[in-house]
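The values are calculated or read from the model by the stated rules, or taken from the named source; none is laboratory data. Please read these numbers as outputs of a predicted model, since none were measured by experiment. Glycine gets a Cβ as well: all are built from the backbone with ideal geometry, and neighbour counts include every protein chain shown.
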Amino acid sequence: MNFADLAGLAGGHAEARAIQVAVKLGIFDLLAREPLDAAAIARALRCDERATEMLSNAIVALGLLAKTQGRYELTESSRRYLVSSSAEYLGAMILFDEALFATWANLEETIRNGLPARVPDMYQSRRDETERFIGAMDSLTRARGDAEWVASHLDLNGIDTIADVGGGPGTYIAALLRHSPRLRAAIYDLPATLDVARRILAEREPLVMSRIDLREVDYLRDELPGPVGALFMSNIIHSEDASTNARLMEKCFRALGSGGLVVIKDHIMNAELTEPRAGAVFSLYLMLTTRGRDYSFEEVAGWLRGVGFVDIRRERLPSPPFTSSIIIARKL
């Protein structure tokens, strides 16, 4: 690694914060209407003109705006990912990161004492936090294309029912149902999350919503309803510790019918827990906010094998743009 690479990594918080604030202020939505100069942007957003110009210039330097004769306009990337009306809007994930920015200031203390910097409640305690978190998960998945990739590559031949454990906004289930007209589905999640999912699905997925059963299930305390043909879990195991995940695999085994599949999508790490890089860095966020971390294939396969699953295999999603893998196992 050369000096420029190291300096860029060490100072990356500045670029991240500039983008977060630009999204939060609404600069990209404003410029989606027409190009504007700094004075016009500042008036529309009720901000200081000098400061607005400096922020806008920084966003130009980052490649997310263009500037011609003093007027700022969107680039292809910002129009695609940073305008809230776009189907690939990433802004909800960016605003979630913005809300957690102060949490990172506690990283040193968490390293010293090993305790999360916030109560690991999966953002269920306050409605605004639930909305922000679930919106972020939906935003990230849609912008990157995870759900469509999974739906087009996951072989569910012979399976007519699938449940998404901790399914959040229903992004994956909706994509699976669009690809498989015969399939029926359920989302197992907590009450506050289901309230948000119900609204998102009604607005965005009315054609498949009649085939989705929204079930209040706390996978930490409840048995998973069954029998079902397949269970899907995206970004669930990384929020829990190893013993909790081992118990969750037992519940999955009991909930599946004979021949049923469990499908786990997550950052699946190498044995040293250092690759993929995104997973190793993300584990720091998990340490700050949950009881978990990202796990290796060997660890996940051990939980599955220990409760009786067979034919355990890993499929890596193409990188870029993805940084995760799928682990699939079968119940005899």
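Structural remarks
- Residues that are farther than 28 Å from residue 320 by Cα and either in contact with a Phe, Trp or Tyr (Cβ under 8 Å, 6 or more places away or on another chain) or modelled with pLDDT under 95 (or both) do not occur anywhere in the stretch 268-280.
- Just one of the listed residues (234, 324) is within 18 Å of residue 122 (Cα to Cα) and in contact with a Gly (Cβ under 9 Å, 6 or more places away or on another chain), and it is 234.
- Matching residues, the stretch 21-35, being within 19 Å of residue 90 (Cβ to Cβ) and either in contact with a helix residue (DSSP H, G or I) (Cβ under 8 Å, 6 or more places away or on another chain) or not in a helix (DSSP H, G or I) (or both): 21, 22, 23, 24, 25, 26, 27, 28, 30, 31, 32
- Among the strands (runs of 3 or more DSSP E) confined to the stretch 208-327, the ones with at least 3 residues that are more than 30 Å from residue 99 (Cβ to Cβ) are located at 228-234, 256-266, 310-316.
Each row is one residue, and each column tells you yes or no for (1) of a type in the set (Gly, Ala, Ser); (2) more than 17 Å from the chain's Cα centre (by Cα).
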position: 165; (1), (2): no, no
position: 170; (1), (2): yes, no
position: 189; (1), (2): no, no
position: 195; (1), (2): no, yes
position: 199; (1), (2): no, yes
position: 210; (1), (2): yes, yes
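- Members of the stretch 318-330 that are touching a helix residue (DSSP H, G or I) at 6+ places or on another chain (Cβ under 6 Å) and surrounded by 12 or more Cβ atoms within 10 Å (Cβ to Cβ): 323, 327, 329
- Conditions (1) touching a Ser or Thr at 6+ places or on another chain (Cβ under 7 Å); (2) touching a residue at least 24 places away in the same chain (Cβ under 8 Å); (3) hydrophobic (A, V, I, L, M, F, W, C); (4) surrounded by fewer than 17 Cβ atoms within 10 Å (Cβ to Cβ): number failed by residue 268: (4)
- Evaluating residue 153 against the criteria (1) within 16 Å of the chain's Cα centre (by Cα); (2) under 18 Å from residue 325 (Cα atoms) leaves one unmet condition, (1).
- Odd one out for residue 87, checked against (1) surrounded by fewer than 16 Cβ atoms within 10 Å (Cβ to Cβ); (2) touching a Cys at 6+ places or on another chain (Cβ under 8 Å); (3) hydrophobic (A, V, I, L, M, F, W, C): (2)
- When 44, 16, 51 are checked against the criterion of being among the small types (Gly, Ala, Ser), surrounded by 12 or more Cβ atoms within 10 Å (Cβ to Cβ) and within 26 Å of residue 100 (Cβ to Cβ), 16 stands alone in meeting it.
- Conditions (1) buried (at least 17 other Cβ atoms within 10 Å of the Cβ); (2) farther than 15 Å from residue 247 by Cα; (3) over 17 Å from the mean Cα position of the chain (by Cα); number of the one not met by residue 300: (2)
- Scanning the stretch 141-167 for residues that are modelled with pLDDT of 95 or more and small (Gly, Ala, Ser) returns 143, 145, 147, 151, 152, 163, 166, 167.
- Within the stretch 128-178, the set of residues being touching a Lys or Arg at 6+ places or on another chain (Cβ under 8 Å) and of a type in the set (Asp, Glu) comprises 146, 160.
- When residues in the stretch 271-324 are screened for being basic (Lys, Arg) and either farther than 23 Å from residue 153 by Cα or in contact (Cβ under 8 Å) with a residue 60 or more places away in the chain (or both), 4 of them pass.
- Residue match in the stretch 97-112 (condition: closer than 13 Å to residue 32 by Cα and basic (Lys, Arg)): no
- Residues being more than 23 Å from residue 332 (Cα to Cα) and of a type outside the set (Val, Ile, Thr) - total across the stretch 236-276: 15
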